[in-house]
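Notes for the one structure printed next.
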Amino acid sequence: MITMNKVSKHYGAFQVLTDCTTHVAKGEVVVVCGPSGSGKSTLIKCVNGLEPFQSGEVTVNGISVGDPRTDLPKLRAHVGMVFQNFELFPHMTIVDNLTVAQVKVLGRDPAEAQDKGMALLDRVGLKVQALKYPGQLSGGQQQRVAIARALAMDPICMLFDEPTSALDPEMINEVLDVMSELAQEGMTMMCVTHEMGFAKRVASRVIFMDQGRIVEDDSKDAFFANPRSDRAQQFLAKILQH
Amino acid sequence: MGYSWNWDVLLQPSATGDGTYLGWMFYGFKMTIGLSLSAWLMALILGALVGVLRTVPNKALSGLAAAYVELFRNIPLLVQLFIWYFVLPELAPAALGDAFKQSNPIVQQFVSALLCLGFFTSARVAEQVRSGINSLPRGQKNAALAIGFTLAQAYRYVMLPMAFRLVVPPLTSEFLNIFKNSAVCSTIGLLELAAEGRQLVDYTAQPYESFIAVTLAYVLINVVVMFAMRRVEAQVRVPGYMGGH
Ligand SMILES: Nc1ncnc2c1ncn2[C@@H]1O[C@H](COP(=O)(O)OP(=O)(O)OP(=O)(O)O)[C@@H](O)[C@H]1O
Ligand SMILES: [Mg+2]
């Protein structure tokens, strides 16, 4: 579904990504972790072309992201993305957040889009909030809306960039529950997260990044049982203390 | 030396026999409003366009927009007015320049004043629009692109609606400025409010009444503009949104 082959990116002299190679098969859930500044966000944004890269190749469903002939908006419409800060559109009601792109990008009939939006809101438990505005919802609720907004586009895979790290602790689980459910339904997912409990329960594989390189790319069990690199061992020791 | 107040002078028939002195003032008042509102409309449209262009990734377009802003913002208003009124008709193609010079003098004055105020203010509006767009959270653009919007759609549906809400308060002061700046246009002979004020002083020899009346007219404009812009602000307020003034 997603392949990355020797992807490298630099800002001037600063190397953000170096020869990143990995593959996410259909239905897999891959968790990406690593210290701050290691390039996790940059890596995941290369998948839908939000970050350009200088060398290497990324393909989604066989379509090359870096190819200038690729219709990026069309590709992105089917790659869901969820951000650390939710990024709902603040001037639209919750239900409009879920319908606007269905109508303007996919060309769906507004009534049909609305039905789909309401069904998805119901699914994340927020149907009663449909006519409120994002600023009137809690962080956890906003993030669930953001997930529903991505799902409304019928994505073939989903990207998450630290979806719970801006949330108060008591709201983290409501978001992780939605994500776990998605994973169980077979959604292909690439998640940057430090929620190791989630990784242990849901992930198929874990990627560990350090200084712009993919240092470990292992099955979940192998990664948690016996991380190969010192950096990953230290990282795990630190994060599991909390 | 006591000053003898005489407010009735405003209601007396004017020396030229065309109505009262108050009528003169009202003519200037209408001219100021007509000029300022049409220049404001022009400034809003051009300013929004140029402000957006300043933020696009295309270097040529954003550079062009930056040059536009610098040009119209940094040349003094009075100089710009003289260029529009005195210089450009000479530089324009002969047919156009002559047509301009043969038209009604009031039309000449009004068109020059409109172009001058419109372009000058558009540069200032553009700066406000640009800073409004830049003050949006960076993630908004990414979120809009990630869901499949083209860059144009991201502006249209996501960034501009929020940016315009953010710029309503700074635009209020630009809107007020355009009425004040319109007074400069009396220097090319346009009989707007300030010019009529000076006329009143000359003809009635009652300077205090004349200037007080004109001042009150400007105050009235300010009050109405502020009130209208407050209404706009309240109309577009987003429930639950506390972000960025
Ligand atoms: N526009 C930019 N110009 C220069 N350097 C940048 C830019 N954007 C990111 N970087 C650098 O690239 C590196 C990787 O950034 P990235 O956001 O991908 O890290 P991350 O692993 O997601 O970190 P975090 O856990 O803090 O989110 C960082 O060192 C960052 O400072
Ligand atoms: Mg990050």
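The values are calculated or read from the model by the stated rules, or taken from the named source; none is laboratory data. All values reported here derive from a predicted model rather than from experimental measurement. With ideal geometry, Cβ positions are generated from the backbone for all residues, glycine too; neighbour counts draw on all protein chains shown. Protein only, heavy atoms only, side chains kept; ligands, DNA and RNA dropped before computing areas. Shrake-Rupley method; radii C 1.70, N 1.55, O 1.52, S 1.80 Å.
Measuring nothing but protein heavy atoms, the accessible surface of region B:19-236 at 1.4 Å probe radius is 70 percent carbon and sulfur.
Neighbours of B:Met162, meaning other residues whose beta-carbon lies under 15 angstrom from its beta-carbon, give a summed charge of +3 when Lys and Arg score +1 and Asp and Glu score -1. Amide H to amide H, which residues 5 or more places from A:Asp217 or on other chains are under 5 Å from it, using H placed in the peptide plane? Amide H to amide H, under 5 Å and 5 or more residues apart or across chains, A:Asp217 pairs with A:Phe208.
Return the distance in nm (one decimal) between the two label points of a simple spin-label model at B:Ser38 and A:Asp67, each offset 7 Å from Cα along Cα→Cβ. So the two model labels end up 5.5 nm from each other. Within the shell defined by Cβ-Cβ distances under 9 Å, the residues around A:Val31 carry a net charge of +1, with Lys and Arg each +1 and Asp and Glu each -1. Amide H contacts of A:Val82 (H built 1.01 Å from N, in plane; Pro and chain starts excluded): A:Leu159, A:Phe160, A:Asp161 sit under 5 Å, all sequence-distant by 5 or more or on other chains. Extension gain for the segment B:Arg73 to B:Tyr241, taken as residue separation times 0.36 nm less the Cα-Cα distance, is 57.2 nm to one decimal.
Given 10 Å bins starting at zero, what is the percent of C-alpha pairs of region B:19-236 in each, up to the one with the largest pair distance? With 10 Å bins starting at 0, P(r) equals 8, 28, 29, 21, 10, 3, 1. By the combined test of axial Cα extent (at least 30 Å) and Kyte-Doolittle hydropathy (mean at least 1.0), the qualifying DSSP H helices of chain B come to B:21-53, B:207-236. In terms of its alpha-carbon gyration tensor, chain A comes out oblate; a/c meets the 1.5 threshold, while b/c is at least as large as a/b. Please quote Rg/Rh for region A:180-242 to two decimal places, taking the Kirkwood radius as Rh and restricting both calculations to Cα atoms. Over the Cα atoms of region A:180-242, Rg/Rh equals 0.96. Label-to-label distance, A:Ala13 versus A:Asp115, with points set 7 angstrom from Cα along the beta-carbon direction: 6.1 nm. Positive contributions from Lys and Arg (+1) and negative ones from Asp and Glu (-1), summed over other residues with Cβ under 13 Å from the Cβ of B:Tyr21, come out at -4. Taking amide H as placed 1.01 Å from N in the peptide plane, the amide H of B:Thr20 sits under 5 Å from that of B:Ser14, each at least 5 places away or on another chain. Farthest towards the positive end of the charge dipole of the protein assembly as shown, among the residues B:Pro93, A:Met81, B:Phe175, is the Cα of A:Met81, using unit charges on the Cβ of Lys, Arg, Asp and Glu. Computed about the Cα centre, the dipole magnitude for region A:108-224 is approximately 240 debye when only Lys and Arg (+1) and Asp and Glu (-1) carry charge, each at its Cβ. If the chain linking B:Leu220 and B:Arg198 were pulled fully straight, counting 0.36 nm for each residue of separation and taking away their Cα-Cα distance, it would gain 6.0 nm. The lysine pair tally for chain B, using Cα distances under 28 Å and a gap of 8 or more places or different chains, is 4.
Placing unit charges on each Cβ (+1 for Lys and Arg, -1 for Asp and Glu) gives chain A a dipole about its Cα centre, and among A:Ala166, A:Thr21, A:Pro110 the Cα reaching farthest toward its positive end belongs to A:Thr21. Backbone N atoms of region A:28-51 closer than 18 Å to the 7 Å Cα→Cβ label point of A:Lys74 belong to residues A:48-50.
Classify region A:1-92: rounded, prolate or oblate, from the alpha-carbon gyration tensor (a ≥ b ≥ c, eigenvalue square roots; a/c under 1.5 rounded; otherwise prolate if a/b is larger than b/c)? The shape class here is rounded.
Each Lys and Arg contributes +1 and each Asp and Glu -1, all at the Cβ; summed about the Cα centre of the protein assembly as shown, the dipole is approximately 420 debye. Computed on the Cα atoms alone, the convex hull of the protein assembly as shown gives a volume of 224 cubic angstrom per residue. Each residue, B:Val87 and B:Leu61, gets one label point 7 Å from its Cα in the Cβ direction; the gap between the two is 3.0 nm.
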